[in-house]
Amino acid sequence: MNFRLVIEFTKREFTERYAGSVLGVLWTFVWPLVNIFIYFVIFSKVMGARLPGSSSTFSYGIYLIAGIVPWTAFSNTVSRSATVFLEKKGIISGIKISLAYLPFYIVLSETVIFLITFFVYVMLLVFKGHPIHGQFVLIPFLYLVQQIFAYGLGLFIGVFNVFIRDLKEVTNILLQIWFWFTPIVYVVDILPDFTKKWFQYNPAYLFIKAYQDILVFGVSPNYHSLITITIIGHGFLALSYVCYKKLEKDIRDFI
């Protein structure tokens, strides 16, 4: 029953978002095309941005999209999961559902958007003659680990956001800061040497760098980093579930 409800919430996510529009759910396909056009053409061709060490006109656009697409799925999952209990309080009081299932519909809806955007991105890589190699098979695993981390972090914040409403705004601010402390629009090589060692403590850098290695540079990701982010993701998942189980009754009473 819980899983069927999650699927139904996911369907409603798209139907209600574009209710009354002419294109309807087709906007789900339009937005990725627009975003990729902006990142790929505007930044590379109009602004003339270049990836250091590469003479390709579109190299920076390829690099930029490789980081922004997974980051968007990750940050949206965290920020939306952080408020899901308050936004769905009417459903919680009217339908018997495990609260831990609610963020799953957000994970699923962000996954749909990610898959569409990533497909458009890969087609663009093929069109521009960018090499597609065997390391691409790691992308599903990388995305799964990333979203486990996002779900765990979002659920953890969501539990306490019920009692401390300011956490919503704090989370959005911290995600913005986190974005700029992760090399997505810039490369690590341009930074001073003494700052580079600190990136290993940034969980987002671990999975973003893996995407960049695979999609942009055509090399194998750092497997130690993949193991690390897997451990971090499952650690947050366990921590958030423990907090949720201890506070579940209080959450239902408070909202």
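No value in this document is a laboratory result; all are computed from the given coordinates. In this text, all values refer to a predicted model and were calculated from it rather than measured experimentally. Counting neighbours? That spans all protein chains shown, and the Cβs are built from the backbone with ideal geometry, glycine included.
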With +1 on each Lys and Arg Cβ and -1 on each Asp and Glu Cβ, and nothing else charged, work out how big the dipole of the range 2-254 is about its Cα centre, in Debye to the nearest 20. 280 debye
Gap in Å between the Cα centre of the range 194-255 and the Cα centre of the range 64-111? 16 Å
Can you tell me which of 129-136, 244-251 comes out highest on packing, and rank the rest after it, using the mean Cβ neighbours within 10 Å? 244-251, 129-136
Can you work out the base-10 log of I(q)/I(0) for the chain at q = 0.10, 0.13, 0.16 1/Å, using the Debye formula on its C-alpha atoms alone? -0.54, -0.89, -1.26
Can you tell me the order of 159-165, 67-73 when each peptide is scored by its average per-residue count of other Cβ atoms within 10 angstrom, highest first? 67-73, 159-165
Label-point gap, in nm, between residue 119 and residue 202 - each point 7 angstrom along Cα→Cβ: 3.2 nm
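Taking 0.36 nm per residue of separation and subtracting the Cα-Cα distance, what length does fully extending residue 177 through residue 38 add? Display every interim value, and only then the final one.
Working: separation 139, 0.36 × 139 = 50.04 nm, distance 2.24 nm.
Taking 0.36 nm per residue and subtracting the Cα distance, the gain is 47.8 nm.
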Residues residue 189 and residue 250, FRET efficiency given R0 of 45 Å [Cβ-Cβ distance, rounded to 0.05]: 0.40
Among 11/245; 96/246; 11/246; 128/197; 11/96; 96/245, the pairs whose Cα-Cα distance exceeds 24 Å are 11/245; 11/246; 128/197
As a check on your grasp of the helix formula, calculate [θ] at 222 nm for the chain: sum -39500 (n - 2.57) over DSSP H runs of n ≥ 4, divide by the residue count, round to the nearest 500. -22000 deg cm²/dmol
